[in-house]
Amino acid sequence: MYEAIKTVVLTSLVLISIMMTFALWTYHPKYDVLQNDEYIQHVSVSNTQVDTEMVVQPKQVLIHKGGAHYALTKEEKKNEVLKEVKKWALDDFENISSSVPQGKFLSFLDGKERLEIIYPDELPIDIYRLIFTVEDRGLDGLAFDRILVPFSEGDKFPVYFIATDKHKIYKAIASDASQDAISRLAKEANHFPRYFAYPVSETKQLYLPEKEVELSSLQYYTDELDADKFKEALFSDPSFVKKDLIPFGEEYTDGSRLMDVDFFQRMLLYVNPAARVSNMGQTDQETHFIQKSIDFVNEHGGWTDLYHFARWSEEDRKVIFRLVVNGYPVFNEYGMSEIVETWGASDLMKYQRPLFRLEIPDRTRTPKTLPSGREIVKQLEQAKGVRKSLVKDIAIGYELVKDPEREKVIRLEPAWFYLYEQTWKKVSDDGDGGSVKSSMKTPHRSSH
């Protein structure tokens, strides 16, 4: 009896062993195919993911009514407008640039009662397709920085897409559309801050506040981001990465790629020199590199604060995103408020960003009264060495300043800034007749 039981048990074990061996031999795991040059570790610095429309935001939304200009400065009002425009089907784009002579360009912009949406730089039509419903497919290569919407009560009306620097105007037709939210805001226009138009060229004008602006200085405690997480995310095989101490920071390299961590400015710089060489002769037609830049930061949870698209350069294949606090842009002369990406034809070549996030706002707030737009214009026009033709933009924002006594604290000081050629500068507030301080040109702007 005992021998019979032992025989049954042994036979069962042999059969189980044979079945397991067969299963192992015939098992084919489902691995994703990974290309070495596209491999990015699935390591997240944060859990934040953003859509294109969250990052690509207008810098201004204005209502032109009765010869006056009113700005929608509150985010909820801007969002009402954008939510309505997103519902429109935009089609039948037509180039009407030749019908508006250059000398009449500004009068066309001011011509009728209308809504105007202004973006910080010309956006490729492919990006507009991701934000709005653009149905016309024959628009390759076009880019616009402004959208004009004449007030209308019908469900079909013209919408104008404008490239101010290039003197381009395209008329599209919005159908199955409503202007209910826009009409409601137009009726309330007198309650919004009044702005004035300041021409800076024959085809471009800036809108600035008529009155002084009250804004408070802010303080934030910051949280350091883990450089090792960026190492895990940015290098193809982090196990091959060597770390060395360098003056003021650390250097990581796998022999090809390089990542520098600057402890003093609390910045990260990642460089992949092979991207330029390996992509020679290739073209990337599928995704515009502005969208690739947004996707890249999403891949490793790099949107650690609120950043908005600021500028891009087609020639340099560079995209800049700027920190935004309370609806205002933040500037810093060392780039501590920017995420900057430079691309080869398909791969990332350079990535520069802060290594901290704004964590806890300090209750300390110091009110500050900023001069009106007219005062700032007068100051700039009187400033020595400032040519009006090189002034590309003027804006209220915050200057990011490190607290000299508390390493983890940064201050945000309200100020006026202006974009001079490719450099943001702060307008002096010491009443010395228009001197300019604190160049916002960051080191990466001069190196490609």
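The values are calculated or read from the model by the stated rules, or taken from the named source; none is laboratory data. Bear in mind that the values here come from a model prediction, so they are computed numbers and not experimental data. With ideal geometry, Cβ positions are generated from the backbone for all residues, glycine too; neighbour counts draw on all protein chains shown. Note: areas computed on protein heavy atoms with side chains; ligands, DNA, RNA excluded. Shrake-Rupley method; radii C 1.70, N 1.55, O 1.52, S 1.80 Å.
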* To do: Please state which of the following conditions Tyr119 fails to meet, knowing it meets all the rest: (1) assigned to a strand (DSSP E or B); (2) touching a Gly at 6+ places or on another chain (Cβ under 9 Å); (3) not charged (D, E, K, R).
  => (2)
* Asked: Of the residues that make up the stretch 404-414, is at least one open to solvent by 20 Å² or more (accessible area, probe 1.4 Å), in contact (Cβ under 8 Å) with a residue 60 or more places away in the chain and closer than 21 Å to Tyr119 by Cα?
  -> no
* To do: For Tyr418, state whether it is among the aromatic types (Phe, Trp, Tyr), in contact with a Pro (Cβ under 9 Å, 6 or more places away or on another chain), surrounded by 20 or more Cβ atoms within 10 Å (Cβ to Cβ) and closer than 22 Å to Ala310 by Cβ.
  => no
* Asked: Can you find even one residue in the stretch 420-429 that is at pLDDT below 95, small (Gly, Ala, Ser) and out of contact with any Gly (no Cβ under 9 Å at 6 or more places or on another chain)?
  -> no
* Which condition number does Gly154 fail, the rest of (1) open to solvent by less than 20 Å² (accessible area, probe 1.4 Å); (2) part of a loop (DSSP other than H, G, I, E, B) being met? -> (1)
* Does the stretch 166-202 hold any residues that are open to solvent by less than 90 Å² (accessible area, probe 1.4 Å), closer than 28 Å to Val134 by Cβ and in a loop (DSSP other than H, G, I, E, B), and which are they? -> His167, Ala177, Ser178, Gln179, Ser201
* Structure fact -> Counting only strands (runs of 3 or more DSSP E) wholly inside the stretch 209-327, the ones holding at least 3 residues that are touching a residue at least 40 places away in the same chain (Cβ under 8 Å) are 213-224, 267-271, 307-313, 318-325
* **Residue pairs meeting the criteria (Cβ under 6 Å; at least 6 apart or on separate chains; first of a type outside the set (S, T, N, Q), in the stretch 155-171; second assigned to a loop (DSSP other than H, G, I, E, B) and open to solvent by less than 60 Å² (accessible area, probe 1.4 Å))** => Asp155/Ala177; His167/Thr203; Ile169/Ile96; Ile169/Val100; Lys171/Ile96
* **Matching entry among Tyr270, Tyr220, Tyr252 (being crowded, with 18+ Cβ neighbours inside 10 Å, out of contact with any helix residue (DSSP H, G or I) (no Cβ under 6 Å at 6 or more places or on another chain) and modelled with pLDDT of 95 or more)** => Tyr220
